[in-house]
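Here's the structure, in structure tokens; my notes come after.
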Ligand SMILES: Nc1ncnc2c1ncn2[C@@H]1O[C@H](COP(=O)(O)OP(=O)(O)OP(=O)(O)O)[C@@H](O)[C@H]1O
Ligand SMILES: [Mg+2]
């Protein structure tokens, strides 16, 4: 068991004064400027803002997928901002689940295989196939375990991606625009799945949306405009 597991159980993620500058040749894009946020255990936070406001950039920093230009990221009081990639990967694999907007499923693998891959990589679930089946059941896809991604609807693929994010019992799930590519019915199913995870299993959820209607699903709202925190959706 890693030291992080022991310290991480209370699950508070805090970013302080975070900035991200993308450099493309001579051009600099200030994608995030001095953003500070605290994510408490059990929260369901929606990061909202228009296209280009920095939502995905912020989620990638929170999910330890990308490094900020300045500022710090604390996990249960431990500074994880500049951890070596191997340690970051392990932290992600053990404690964080990430749902990408475009699902990022492996096309050759079945739903079940896609879901158990992170458990296999970690090697900590003896019976990872059974566990994969259980999380697929949790997201309502027990009848689709042997389907490959192209044999599933967009909403079903998104729920497979959520099941995959759940396989290692993460404390926090990050979801980038989880409903952006879906019809209304599928979108509601996906959001209900995330709400249930938060309500019933107490998984902390941080999701991104540009749709003001998604406010209804969140317990906390964070608004971004031009890479800065603001008080309302503008
Ligand atoms: N890898 C990159 N290199 C350079 N600039 C980038 C990069 N990624 C994002 N940007 C720029 O940073 C800003 C924030 O981008 P980001 O993808 O975080 O926005 P977003 O709020 O998620 O937008 P959307 O709703 O369209 O997904 C944008 O101006 C974008 O053009
Ligand atoms: Mg985005």
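What follows draws every value from the coordinates through simple rules; no lab data is involved. Remember, it's a predicted structure, so these values are computed and weren't measured experimentally. Glycine gets a Cβ as well: all are built from the backbone with ideal geometry, and neighbour counts include every protein chain shown.
Which of these, 176, 127, 214, has the largest mean-square fluctuation under a Gaussian network model of the chain (Cα springs below 10 Å)? Maximum fluctuation in the GNM of the chain, among the listed residues, is at 127. Under the simplified labelling scheme, the residue 30-residue 221 pair shows an inter-label distance of 2.5 nm, with each label point 7 Å from Cα along Cα→Cβ.
The antiparallel fraction among DSSP beta bridges confined to the chain stands at about 50%. Calculate the FRET efficiency for residue 19 and residue 87 from the Cβ-Cβ distance with a Förster distance of 30 Å, rounded to the nearest 0.05. Step by step, r from the Cβ atoms, then E = 0.85. Using a 7 Å offset from Cα along Cα-Cβ at residue 150, what residues in the stretch 104-143 end up with backbone N under 17 Å from the label point? Backbone N within reach: 104-111, 114.
If you fit an axis through the alpha-carbon atoms of helix 85-95 and take the longest principal axis of the Cα set of the chain, what angle between them do you get, 0 to 90°, nearest 10? Helix 85-95 sits at roughly 60 degrees to that axis. Rounded if a/c is under 1.5, else prolate if a/b beats b/c, else oblate: with a ≥ b ≥ c from the C-alpha gyration tensor eigenvalues square-rooted, which is the stretch 30-71? Judged from the Cα gyration tensor, the stretch 30-71 comes out oblate (a/c at least 1.5, b/c at or above a/b). Between the stretch 141-156 and the stretch 164-202, what's the alpha-carbon centroid distance in Å? The two parts, judged by their Cα centres, are 16 Å apart. Run the paramagnetic zone check for residue 228: 7 angstrom along Cα to Cβ, then residues of the stretch 41-72 with backbone nitrogen under 18 Å. So the set is 48-55, 58, 70-71.
With respect to the chain, whose longest principal axis is taken over its alpha-carbon atoms, helix 128-138 is tilted by about 80°. With the highest mean first, a sort of the peptides 223-234, 38-49 on other beta-carbon atoms found within 10 angstrom per residue produces 38-49, 223-234.
Computed over the Cα atoms of the chain, the ratio of the radius of gyration to the Kirkwood radius (Rg/Rh) comes to 0.96. A Stokes-Einstein calculation at 10 °C with viscosity 1.306 mPa s, built on the Kirkwood radius of the stretch 145-189 over Cα pairs, returns a diffusion coefficient of 140 µm²/s. Taking Cα atoms only, the orientation of helix 154-166 departs from the longest principal axis of the chain by about 80 degrees. Here, the stretch 43-179 has an Rg and a Dmax of 15.5, 46 Å when only alpha carbons are counted.
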